[in-house]
Amino acid sequence: MTANVTKADSATTMVKSEGVHKSFGPIEVLKGIDLEVKSGEVFCLIGPSGSGKSTFLRCINHLEKINAGRLYVDGELVGYRQHGDKLYELRDREVALKRRDIGMVFQRFNLFPHMTALENVMEAPVQVKGVSRAQARERAGQLLERVGLADKAKNYPSQLSGGQQQRVAIARALAMDPKLMLFDEPTSALDPELVGDVLDVMRDLAESGMTMIVVTHEMGFAREVGDSLVFMDGGVVVESGHPRDVLTNPQHERTQSFLSKVL
Ligand SMILES: Nc1ncnc2c1ncn2[C@@H]1O[C@H](COP(=O)(O)OP(=O)(O)OP(=O)(O)O)[C@@H](O)[C@H]1O
């Protein structure tokens, strides 16, 4: 890619996407995503299956490389370093450092099955940041308490419900002290009665001021907790605005038509 990049405004903007394109071989999945996520905002992303929501989150988290456009996290280009007027791809080591700042929670919890809940939460700070085991254990205990699982610290994932495992996964992401949390359909794999506990944890996190991008079908959460909502379709942003507006104002007909078919 060529350069001529100005630094995004990091004081108020956490993520800025300018004309972001992403293809897999001949298949163009993201076709020019323009959006901005403010610091402290809960930013909800909805859209049909295959519209590119997960791919976009993965681009933000350095799991995929964009093909064109500009993507910034906290004022810094994702995947590239600018030197003069040229852009250089980041080395793996540099990418690993940047990824520390971003927590990601997936639909499937991906906990280590042979570790207890506490060990799962401790692991990354010890291995990646070199935090002492004693310090990491203390902090992991606090985080498990924060997600309502202090009494499950010694349980293995197989001894926890899906909702409890997902709350451990959130605690694990928080253990790295991220400045941005990405949620990719965090409640989609859960039995309906377990969804509320996970959403409660996410609501608390939002109230603490965490910047969150949430791919979700939970429109109650989007309406009550979200600050912004984007409806994506076919790799582009179709409609966007405040969730209550996008979800109820007839002007946002395409979002509402989509939701009436899927909900
Ligand atoms: N690594 C990959 N290689 C090839 N194609 C991919 C890859 N990752 C995603 N795709 C394709 O990109 C398109 C968008 O996928 P993506 O998972 O981003 O959509 P989504 O909106 O998150 O869908 P869902 O709601 O079903 O998770 C799909 O057609 C998918 O098959």
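The values are calculated or read from the model by the stated rules, or taken from the named source; none is laboratory data. Note that the structure is predicted; figures quoted are calculated from it, not measured. With ideal geometry, Cβ positions are generated from the backbone for all residues, glycine too; neighbour counts draw on all protein chains shown. Protein only, heavy atoms only, side chains kept; ligands, DNA and RNA dropped before computing areas. Shrake-Rupley method; radii C 1.70, N 1.55, O 1.52, S 1.80 Å.
For the stretch 47-64, how many residues meet the condition of being in a loop (DSSP other than H, G, I, E, B), among the polar types (S, T, N, Q) and within 6 Å of the ligand (Cβ to nearest atom)?
2
Can you name the residue in the stretch 160-180 that is in a helix (DSSP H, G or I) and of a type in the set (Lys, Arg) and is also least open to solvent (accessible area, probe 1.4 Å) among such residues?
Only one residue tops the list, namely Arg167.
Considering only residues that are more than 14 Å from Leu259 (Cα to Cα), assigned to a loop (DSSP other than H, G, I, E, B) and open to solvent by 50 Å² or more (accessible area, probe 1.4 Å), which ones fall in the stretch 215-245?
Asp227, His242
How about the stretch 107-123: which of its residues are of a type in the set (Phe, Trp, Tyr) and either surrounded by 18 or more Cβ atoms within 10 Å (Cβ to Cβ) or assigned to a helix (DSSP H, G or I) (or both)?
Phe109
Scan (1) closer than 30 Å to Lys152 by Cβ; (2) away from the ligand (no atom under 16 Å from the Cβ) for the single condition Tyr72 breaks and write down its number.
(1)
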